[in-house]
Structures are given as C-alpha cells and as structure tokens.
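The values are calculated or read from the model by the stated rules, or taken from the named source; none is laboratory data. Quick caveat: nothing in here was measured; it's all calculated off a predicted structure. Backbone-built Cβ (ideal geometry, glycine too); neighbour counts: all protein chains shown.
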Amino acid sequence: MQLFHYHWWMNQLEEMENFYKELGFQTRLRVGNDQGEMQTFNPPLEWDDFRERGVTFRIIEMVKGQTNVTFGYGKKDRFDHIGILVEEGEYKDILQRAEELNLHINEGERRTFISTPWKFRIELQRRTEVVEEEESTLIHTVEIGLPFAKEHPKLLAELLNLEVVEDKGNDLVNLGNGQWNIMSHDEDYSRLITVHFIKDTFNRNDPVGTRLIGHHSL
C-alpha cells in the first residue's frame with residue numbers, strides 16, 4: 001500500500017503545471033472541454049498552442065518517480081482527494097472496513113473513491129502504471145487540516161489499517177504504517193497543508209499554498 005497521489009480543483013492551472021515542471025515533473029495528460037467536447041491536449045502541445053481556445057480543463061496529470069499529481073479547473077481552490085496504490089487483497093479489506101464505518105463508496109473499474117466526513121476523499125488505485133518504475137520522489141507524509149468536530153482522524157487509521165504514531169489532541173494526530181504518514185491538525189475546513197517527499201530535494205509553496213518539502217531521506 002503506497003500513498004502516491006493528490007488532486008486539486010483550482011483556477012491557476014497553467015501556473016500549477018509550470019510550478020511542477022520546475023520541480024522535474026512531466027505532464028502526462030491534459031483533458032478539457034473545448035466548445036462542448038472533451039478532448040486531449042497532451043504534450044508535445046504547449047499552452048501557447050491552445051491558450052486562446054478557452055479550454056476548461058477537467059484534469060491535468062503530472063508524474064515524477066512514484067508521485068502522481070492531478071488538478072482540474074475550479075472557481076476556487078479545493079483539495080479533493082489523496083490516492084493510495086493498493087493490491088487486490090488490500091483493496092477488498094479497505095472496502096469492507098469502509099462499509100463497516102458507513103462511509104460512501106463510489107466503485108469504478110479504473111479507480112474507487114471513499115468519501116470521508118471532512119469533504120475530501122480517498123482514492124484507491126490498483127493500476128501500477130499511474131506512477132513511473134523509477135523509485136524517486138516518494139510521498140512520505142501529507143499534513144492535512146481537518147475539522148475534528150465532524151469526526152476524529154483516528155477514523156482514517158481504522159479505514160486504512162494505520163497505527164496512531166502520535167496523538168497530541170487537537171495539536172497533532174499522526175497516523176502511519178512505517179512507510180508513509182497522514183498528519184492532521186484541527187482546523188475549520190479541510191486543506192492540504194504540507195507534503196513531505198523522500199528521494200528528492202526542494203522546499204517551496206505551490207500556487208495553492210501547499211508547502212512541498214523534499215528530503216534525501218527521513
């Protein structure tokens with residue numbers, strides 16, 4: 001089970017793509033609505049090739065090593081989901097626990113989403129081709145602001161079979177499995193605060209204000 005992915009809705013798509021390119025990510029996919037029809041605008045096309053067409057992009061997908069980042073057009077910035085790469089047995093176990101926790105499941109052939117009480121979702125992905133074979137740029141920790149009043153983040157530990165590594169009440173709840181972690185703070189609304197990576201080096205804020213920190217190792 002590997003934490004590999006996160007997704008945003010936002011209105012600074014070109015800026016977001018350029019930001020991740022500067023970090024060494026490659027654009028794999030651009031899909032958007034062009035005059036009522038969904039079309040692809042994948043590389044080698046560049047933004048100057050379609051900028052004047054007013055395309056509303058549903059998804060732009062960027063990949064580096066074992067990390068996959070996607071974002072699509074939204075009127076305001078909204079953190080939508082994190083993605084976990086799972087094997088078949090892990091997939092079935094998580095779905096069973098989601099049912100026991102009365103969480104909404106949207107199961108699909110390509111990917112499955114589990115809704116959480118905090119207005120962000122968990123994507124379960126079984127296709128290994130969504131990341132590169134090269135073992136670089138691995139997500140180690142996501143730090144998320146959550147309204148604890150809706151549900152305590154220990155729900156995620158139960159859902160994803162994670163251990164409570166650290167519990168400081170509303171200041172910090174850290175869940176993990178020895179390979180990756182989900183850290184939570186009590187906030188008024190859900191937001192992706194920080195993403196820590198290993199096998200890479202950078203320290204910058206992306207266009208939606210999330211801090212991205214790369215480490216050689218942790």
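Side notes on the structure shown:
- Test: Pro117 is touching a helix residue (DSSP H, G or I) at 6+ places or on another chain (Cβ under 6 Å), outside any strand (DSSP E or B) and either surrounded by 14 or more Cβ atoms within 10 Å (Cβ to Cβ) or among the small types (Gly, Ala, Ser) (or both): no
- For segment 125-142, filtering for residues that are touching a residue at least 12 places away in the same chain (Cβ under 8 Å) and outside any loop (DSSP other than H, G, I, E, B) leaves 8.
- Counting only strands (runs of 3 or more DSSP E) that sit wholly inside segment 1-43, those with at least 1 residues that are aliphatic (A, V, I, L, M) and in contact (Cβ under 8 Å) with a residue 24 or more places away in the chain are 2-10, 26-34.
- Residue within segment 94-102 that is surrounded by 11 or more Cβ atoms within 10 Å (Cβ to Cβ), of a type in the set (Lys, Arg) and closer than 20 Å to Leu175 by Cα present: yes
- Some residue of segment 87-102 being β-branched (Val, Ile, Thr), in contact (Cβ under 8 Å) with a residue 60 or more places away in the chain and part of a helix (DSSP H, G or I): yes
- Qualifying positions in segment 143-171 - of a type in the set (A, V, I, L, M, F, W, C) and either part of a helix (DSSP H, G or I) or closer than 15 Å to Arg97 by Cα (or both): Leu155, Leu156, Ala157, Leu159, Leu160, Leu162
- Matching residues in segment 188-200 - criterion: being in contact with a Phe, Trp or Tyr (Cβ under 9 Å, 6 or more places away or on another chain) and surrounded by fewer than 18 Cβ atoms within 10 Å (Cβ to Cβ): Tyr189
- Screening Asn203 on (1) surrounded by fewer than 16 Cβ atoms within 10 Å (Cβ to Cβ); (2) in a strand (DSSP E or B); (3) polar (S, T, N, Q); (4) in contact with an Asp or Glu (Cβ under 7 Å, 6 or more places away or on another chain) shows it passes everything except condition (4).
- Entry remark, segment 172-200: residues being more than 30 Å from Gly24 (Cα to Cα), acidic (Asp, Glu) and assigned to a loop (DSSP other than H, G, I, E, B) number 2 in total.
- Residue pairs whose Cβ atoms lie under 6 Å apart, separated by 6 or more positions or on different chains, with the first residue in segment 183-204 and of a type in the set (Val, Ile, Thr) and the second modelled with pLDDT under 90 and part of a strand (DSSP E or B), are Ile198/His215.
- So Leu146, is it free of Cβ contacts under 8 Å to residues at least 60 places away in the same chain and either surrounded by 17 or more Cβ atoms within 10 Å (Cβ to Cβ) or of a type in the set (A, V, I, L, M, F, W, C) (or both): yes
- From the options Phe19, Phe57, Phe41, residue that is crowded, with 17+ Cβ neighbours inside 10 Å, more than 27 Å from Ser190 (Cα to Cα) and of a type outside the set (A, V, I, L, M): Phe41
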